[in-house]
Amino acid sequence: MSNKVLHRSSLVMACLLAGAALAQTPSHATDPRTDRTDGNSNVPGNTTMPGNTTERSSMHASAATRKPLTAQSFAEQAAVIGKAEIELGKLALKNSQDAQVQKFAQRMITDHSNADKQLQSIATQQSLTLPQKLDTEHQALMDKLSDMKGAQFDREYSKAMSEGHDKAVALFEAASRDPQMPAELKQFASTTLPTLESHRDMAHSMKGDVKRDKRS
């Protein structure tokens, strides 16, 4: 066979092999400019990595449901808290037989009555309307504790006082730092806060003592 024939045959074979290779190449080959995966090769390009949008959405939802603190809303919440502490304190004096619980209850009546007088005065000056009765949450707590006596009452009362004063301290801290809060209410929050913090510490201590008494 001549050299020309061999050369032509080699060219034909090379073309056939090249065509076969092209036929096996996937038609949907990835173009790095159009099919990006943002760091996750198994996820489509519009998928966000974990710990990003999901966490931010949760934070935004939480912020959206949080009520803004205004002079009126703070005054209302502070008044309800004070009224509840007074009424629950009176109930504790009747339903508890524990000296520590009764001492704490009397302290609640005295301190929150004084704070309530201050708040009433400020509300009058600021033309704020204060609630005259407990809200649904605190009334339900009153109804629940009214049916309890002795150790059962002490346990539930101390638990409620611990949780309630945690919330009260957080509320008054927020009001004392709020630049939009009227000066009189801001001052009221700041001067009442140390008393509430003391109540909170006493409530948690009382709660621990009640638990230990139950075990013994």
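Things worth noting here:
- Scanning the stretch 105-128 for residues that are over 18 Å from ALA84 (Cα atoms) and surrounded by fewer than 16 Cβ atoms within 10 Å (Cβ to Cβ) yields SER121, THR124, GLN125, GLN126, SER127.
- Filter pass, ALA170 being surrounded by fewer than 20 Cβ atoms within 10 Å (Cβ to Cβ), out of contact with any strand residue (DSSP E or B) (no Cβ under 7 Å at 6 or more places or on another chain), closer than 24 Å to ASP201 by Cα and among the small types (Gly, Ala, Ser): yes
- Residue match in the stretch 133-144 (condition: within 19 Å of ALA84 (Cα to Cα) and in contact with a Ser or Thr (Cβ under 8 Å, 6 or more places away or on another chain)): no
- Residue match in the stretch 84-97 (condition: assigned to a helix (DSSP H, G or I) and touching a Gly at 6+ places or on another chain (Cβ under 6 Å)): no
- Meets criteria (part of a helix (DSSP H, G or I), farther than 15 Å from VAL80 by Cα and free of Cβ contacts under 8 Å to residues at least 12 places away in the same chain) for ASP154: no
- Filter pass, LYS159 being at pLDDT 95 or above, of a type in the set (Lys, Arg) and either under 19 Å from LEU69 (Cα atoms) or outside any helix (DSSP H, G or I) (or both): no
- Filter result for ALA168 (in contact with a helix residue (DSSP H, G or I) (Cβ under 7 Å, 6 or more places away or on another chain) and modelled with pLDDT of 95 or more): yes
- Residues in the stretch 190-203 that are of a type in the set (Gly, Ala, Ser) and surrounded by fewer than 21 Cβ atoms within 10 Å (Cβ to Cβ): 2 in all.
- Checking ASN95 against (1) under 21 Å from ALA183 (Cα atoms); (2) surrounded by 16 or more Cβ atoms within 10 Å (Cβ to Cβ); (3) polar (S, T, N, Q), the condition it does not meet: (1)
The values are calculated or read from the model by the stated rules, or taken from the named source; none is laboratory data. Predicted model, so just to flag it, every value in this text is computed and none were measured. Note that we place each Cβ from the backbone using ideal geometry, even for glycine, and neighbour counts take in every protein chain shown.
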